[in-house]
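A short worksheet on the structure shown next.
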Amino acid sequence: MSASSTLKEIANFPNHVAVVPDGNGRWAERRGLPRFEGHRAGVENMHSVIEYFNKLQLKYLTLYTFSTENWKRPQEEITGLLHLLEEVIDKEILELHKKGVRLRHLGRLDELSPDLQQAINKAVELTKNNTGMTLSLAFNYGGRTEILDAVHHIIAKGIPPQNIDEELFNSYLYTAGLPDVDLVIRTAGELRLSNFLIWQSAYSEYYSTNVLWPDFNNKEIDKALLSYSQRRRRFGGL
Ligand code: IPE
Ligand code: MG
């Protein structure tokens, strides 16, 4: 039996894993390369991570690919990163579709370039009826913006306050229909949430590793899953 199938059978396999890939810049710096090369390696690693989680039959995987705060970076880095992400969606989508992966987008789409919007829309549309892993790309995503967008919609619809409960609120988030996050993984040793799924990860388990994102391989995923499987989640109870 392979390590991965053993892992899948251990108790407490998560339903929804959300990842904050960090450390592309540091990875490049350590090799004396420009930051862009770190992003290139990081995007390549997304491919392997998606493939491995899919093999493990994870149901929901969410990746923080570009935050609303990333617009503060130098223009050149933003352009490079966005081009890379657009390229990768176009390049990978047919293979993902073949594997039955369903793609979702979380974030403000209308602030992205028309080409990028089209690439994302096309990929979401193509895969919308797939029944395999749901891969959500948080792209131009911010947790506070998401909550405000939901509030605006609820008010615009004239929904009376007594009807607003957690279930209704959930249905106005970008993540409508997705389950709460069980495990948040962050690489490069940072211990921050950085405005990522702040509503949906209220009861998540956190896992942080010093490994930089481009080096976060299958063995590192196994370690994260093993750590998760040993936690006892109490959701505020005993
Ligand atoms: C993560 O790597 C990639 C994105 C935020 C898109 P960073 O670019 O943040 O890498 P460091 O933190 O500078 O090493
Ligand atoms: Mg960083």
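Key figures for this structure:
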| read-out | value |
| --- | --- |
| Matching residues in segment 172-220 - criterion: being polar (S, T, N, Q), farther than 17 Å from TYR60 by Cα and either within 16 Å of ligand 2 (Cβ to nearest atom) or open to solvent by less than 20 Å² (accessible area, probe 1.4 Å) (or both) | THR187, SER194, ASN195, SER208, THR209, ASN210 |
| Hits in segment 173-208 (condition: aromatic (Phe, Trp, Tyr), closer than 16 Å to LEU106 by Cα and away from ligand 1 (no atom under 13 Å from the Cβ)) | TYR174, TRP199 |
| Conditions (1) hydrophobic (A, V, I, L, M, F, W, C); (2) open to solvent by 70 Å² or more (accessible area, probe 1.4 Å); (3) part of a strand (DSSP E or B); number of the one not met by LEU238 | (3) |
| Residue under evaluation TYR228, criteria (1) more than 20 Å from ASN54 (Cβ to Cβ); (2) in a helix (DSSP H, G or I); (3) aromatic (Phe, Trp, Tyr), criterion not met | (1) |
| Meets criteria (under 18 Å from TYR141 (Cα atoms), within 11 Å of ligand 1 (Cβ to nearest atom), surrounded by 17 or more Cβ atoms within 10 Å (Cβ to Cβ) and touching a residue at least 12 places away in the same chain (Cβ under 8 Å)) for LEU85 | yes |
| Residues (in contact with a helix residue (DSSP H, G or I) (Cβ under 8 Å, 6 or more places away or on another chain) and not aliphatic (A, V, I, L, M)) located in segment 124-139 | THR127, ASN130, GLY132, PHE139 |
| Candidates HIS47, HIS105, HIS97, filtered to the one that is open to solvent by 10 Å² or more (accessible area, probe 1.4 Å), in contact with an Asp or Glu (Cβ under 7 Å, 6 or more places away or on another chain) and more than 14 Å from ligand 1 (Cβ to nearest atom) | HIS47 |
| Residue in segment 196-238 that is farthest from the chain's Cα centre (by Cα), counting only those that are at positive phi and at pLDDT below 95 | GLY236 |
| Candidate set from segment 21-38 (those that are open to solvent by 10 Å² or more (accessible area, probe 1.4 Å) and under 28 Å from VAL181 (Cβ atoms)); member that is nearest to ligand 2 (Cβ to nearest atom) | ASP22 |
| Residue under evaluation PHE169, criteria (1) farther than 30 Å from LEU33 by Cβ; (2) surrounded by 17 or more Cβ atoms within 10 Å (Cβ to Cβ), criterion not met | (2) |
| Pick from segment 50-82, criterion assigned to a loop (DSSP other than H, G, I, E, B) and touching a residue at least 24 places away in the same chain (Cβ under 8 Å), ranking: surrounded by the fewest Cβ atoms within 10 Å (Cβ to Cβ) | GLN57 |
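The values are calculated or read from the model by the stated rules, or taken from the named source; none is laboratory data. Here the structure is a predicted model, which is why all the values come from computation and not from measurement. Ideal geometry is used to build each Cβ from the backbone, glycine not excepted, and the neighbour counts take in all protein chains shown. SASA here: full protein model, heavy atoms, side chains in, ligands and nucleic acids out. Shrake-Rupley method; radii C 1.70, N 1.55, O 1.52, S 1.80 Å.
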